[in-house]
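The values are calculated or read from the model by the stated rules, or taken from the named source; none is laboratory data. Please read all numbers here as calculations on a predicted model, not as lab measurements. Every residue, glycine among them, receives a Cβ derived from its backbone with ideal geometry; neighbour counts consider all protein chains shown.
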Amino acid sequence: MRRNGLVSLVFHTLFIAFILAPLLAVIAVSFTGKGYLSLPTDGLSLRWFRTILDYPGFIDAFWMSLYLGTAASTIAVSVAVPAAIAIGRYEFTGREAVTAVFLSPLMIPSVVLGVSFLRFFNQIGLSGTFIGITLAHVIMVMPYAIRLVLASVTGMPRDAEQAAATLGASNWTVFRRITLPLILPGIAGGWLLAFITSFDEVTMSIFVASPETMTLPVRMYHHIAQTIDPLIAAISTLLMVGTVALLVLLDRLYGLDRVLVGKG
Amino acid sequence: MADGSRDNAPWFLSAPGLALFAALLGAPLVLTVMLSFYQFDYSTGGIQPAFSFTNYLDVLSDSYFHKIFGRTFGVALLVTVVCILIGVPEAYVLNRMRNPWKSIFLLIVIGPLLISVIVRTLGWALLFGSQGGISTALQWLGLADGPVSLMFTMTGMTIALVHVLVPFMVLAVWASLQRLDPQVEDAALSLGASQMTVLRRIVLPQVMPGILSGSMIVFSLTASAFATPSIIGGRRMKVVATTAYDEYLSTLNWPLGAAIAIVLLVATAVIIMSYNRLIERRYARVFE
């Protein structure tokens, strides 16, 4: 195994600095004690973290995103499991097409999804409702759920299932007692990736979210479009801490590089 | 659960998902395509369901839209090229690291993909402002006389978008590097090839599929990016996504907004598909 040379390491250091710079800037600004923005800051203060409590709009939006992410990824995963078994286990005409359909939201620009859902919900009377935005998010996160569940379905050994079936277990028992536990890491990883994707989504949600169903990123976007202050940096810092915690969990559960290879 | 015991089993299993997609993705897309052919009535603010090509003619013939589409695909191309230039070497350097550094840095590089785009863009907005970190640093180094702002500039928008999207490139190249046999590199070196030759003749051809699929992801995501161009580029640097947003939520001209979105969808699809076709022909052997 060869080592990286000096040039490579200098390049690598610059690259890492580039990746971390904006994130560190957000954290630095969030701890300022001043009433305005400046970089570099001097002194540490939790003033802006306390201020968040005076803005119920952000707190409501956080809960909204949490409920929405939970509902959307749970629905997506429950639909994804049978679909992934169909795609992963059976040879059938139209298999490629079915896969393509489930992965298609990745190919469609989020703006297009946003305007389409806006029009659709308007026509069927679901505009601005929690059900509407949840269904939109189910479609949005479905590719991630399918991918991870499918990977565990195709990767799992079949002998235990065959043994159980030979010994007289019914299809349902085999699924519940053997298949489900074996693909559980894929299901959990898929759920978590779907949840994070839903929680972070802005572009599509900005079209479908009403004041009552405004998600945290959408509210943050509207705030930043008006003014950039240490308050929004404090909220972003908390969001980063939460994301890093989930990220470590996802890495333990599944291996982050394997999870993310398909994100895009 | 014997395979193929019943022919309709897979259809039965995927039915819930397919029904969901037909109702919630198929129908909305069809409605939007229909909407893009309708008319907006400026006097009443209503939508006239009369079929015509007016919106598409507007988008395709107006120099205002040409500029916006040109800027959008121009930025997408620029961001893709920069991502290749910095993402490919980084993936290679990462791959040659030892654990635990390898896993730590991989996490740092691709982890930001899961941090909200809003947060990452906010970071750049903080650095770009005239009171921001970059301005302060440049003045301190004596490289600038007064405050410099990269907000609402093409440069600023490109830097922020590269930051948002470069992890996809690193990841795609990383995935193809995993399949590379280090012994081939060693063999070439022991046979007297220079490091440069090894990179050019051995490594590059094998990671090409990764670079190409990475660039497709980066290109299409940049072309449809909304939050970053909107915050960093503002009204001065409008792109297709922000224009569609304005038509929908400010002007309320939904049919025109729908036409802009459909043109974006079709243009991106055509570019990606022709690029894909090109690659498949050139690198037919590399793909399995």
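Considering B:151, B:157, B:169, which residue is touching a residue at least 12 places away in the same chain (Cβ under 8 Å), in a loop (DSSP other than H, G, I, E, B) and more than 9 Å from every other protein chain (Cβ to nearest Cβ)?
Values: B:157 fails: in a loop (DSSP other than H, G, I, E, B); B:169 fails: in a loop (DSSP other than H, G, I, E, B).
It is B:151.
Which of the numbered conditions does residue A:38 fail, given that it passes all the others? Conditions: (1) more than 30 Å from residue B:12 (Cα to Cα); (2) modelled with pLDDT of 95 or more; (3) at the interface with chain B (Cβ under 7 Å from one of its Cβ atoms).
Unmet condition: (2).
Just one of A:111, A:141 is under 26 Å from residue B:28 (Cα atoms), at pLDDT 95 or above and assigned to a helix (DSSP H, G or I); which is it? Explain how you work it out, then say what you get.
Numbers: A:111 fails: at pLDDT 95 or above.
Among A:111, A:141, only A:141 is under 26 Å from residue B:28 (Cα atoms), at pLDDT 95 or above and assigned to a helix (DSSP H, G or I).
Residues that are farther than 30 Å from residue A:91 by Cβ, at least 2 per element: which helices (runs of 4 or more DSSP H) completely within the stretch B:3-122 meet that?
In the stretch B:3-122, B:27-35, B:54-61, B:63-95, B:101-110 are the helices (runs of 4 or more DSSP H) which contain 2 or more residues that are farther than 30 Å from residue A:91 by Cβ.
Of all residues being facing chain B (nearest Cβ under 7 Å) and surrounded by fewer than 24 Cβ atoms within 10 Å (Cβ to Cβ) in the stretch A:106-117, which is farthest from residue B:254 (Cα to Cα)? Just the residue, please.
Restricting to residues being facing chain B (nearest Cβ under 7 Å) and surrounded by fewer than 24 Cβ atoms within 10 Å (Cβ to Cβ), the top hit is A:108.
When only residues in the stretch A:183-233 that are among the acidic types (Asp, Glu) and assigned to a helix (DSSP H, G or I) count, which is nearest to the chain's Cα centre (by Cα)? Spell out the reasoning first.
Step one: of the stretch A:183-233, the residues among the acidic types (Asp, Glu) are A:200-201, A:212, A:229.
So of that shortlist, the ones also assigned to a helix (DSSP H, G or I) come out as A:200, A:212.
Working: A:200: 6, A:212: 22 Å.
Only one residue tops the list, namely A:200.
Which one is nearest to residue A:69 (Cα to Cα) among residues in the stretch A:200-213 that are more than 8 Å from every other protein chain (Cβ to nearest Cβ) and crowded, with 23+ Cβ neighbours inside 10 Å?
A:201
Pairs under 7 Å by beta carbon, first residue more than 13 Å from chain A (Cβ to nearest Cβ) and without any contact (Cβ under 8 Å) to a residue 12 or more places away in the chain in the stretch B:28-57, partner of a type outside the set (Val, Ile, Thr) and buried (at least 17 other Cβ atoms within 10 Å of the Cβ), six or more apart or different chains?
Partner pairs satisfying both residue conditions: B:48/B:38; B:48/B:39.
Just to be sure, is residue A:101 assigned to a helix (DSSP H, G or I), within 21 Å of the chain's Cα centre (by Cα), free of Cβ contacts under 8 Å to residues at least 24 places away in the same chain and crowded, with 19+ Cβ neighbours inside 10 Å?
So residue A:101 passes the test.
Output the residues belonging to the stretch B:222-272 that are closer than 21 Å to residue B:30 by Cβ, without any contact (Cβ under 8 Å) to a residue 60 or more places away in the chain and among the small types (Gly, Ala, Ser).
Result: B:224, B:244, B:257, B:269.
Which condition breaks for residue B:206 when tested against (1) away from every other protein chain (no Cβ under 12 Å); (2) at pLDDT below 90; (3) not in a helix (DSSP H, G or I)?
(3)
For the stretch A:168-182, check the following and say yes or no: at least one residue is of a type in the set (A, V, I, L, M, F, W, C), without any contact (Cβ under 8 Å) to a residue 12 or more places away in the chain, outside any helix (DSSP H, G or I) and more than 24 Å from residue A:135 (Cβ to Cβ).
yes
Could you grab me the full set of residues in the stretch B:100-130 that are more than 7 Å from chain A (Cβ to nearest Cβ), closer than 17 Å to residue B:175 by Cα and not β-branched (Val, Ile, Thr)?
B:102, B:103
Among the residues of the stretch A:50-83, how many are surrounded by fewer than 20 Cβ atoms within 10 Å (Cβ to Cβ), among the aliphatic types (A, V, I, L, M) and under 27 Å from residue A:33 (Cα atoms)?
Count: 3.
Are there any pairs, at least 6 apart or on different chains, whose C-beta atoms fall under 8 Å, with the first in the stretch A:57-82 and closer than 23 Å to residue A:210 by Cα and the second in a helix (DSSP H, G or I) and among the basic types (Lys, Arg), and if so, which?
Matching pairs, first to second residue: A:57/A:219; A:58/A:219; A:61/A:219.
Of the conditions (1) modelled with pLDDT of 90 or more; (2) at the interface with chain A (Cβ under 9 Å from one of its Cβ atoms); (3) surrounded by 15 or more Cβ atoms within 10 Å (Cβ to Cβ); (4) over 28 Å from residue B:165 (Cβ atoms), residue B:22 fails just one. Which one is it?
(3)
Determine which single condition residue A:190 fails, assuming it passes every other condition in (1) within 9 Å of chain B (Cβ to nearest Cβ); (2) small (Gly, Ala, Ser); (3) touching a Phe, Trp or Tyr at 6+ places or on another chain (Cβ under 7 Å).
(1)
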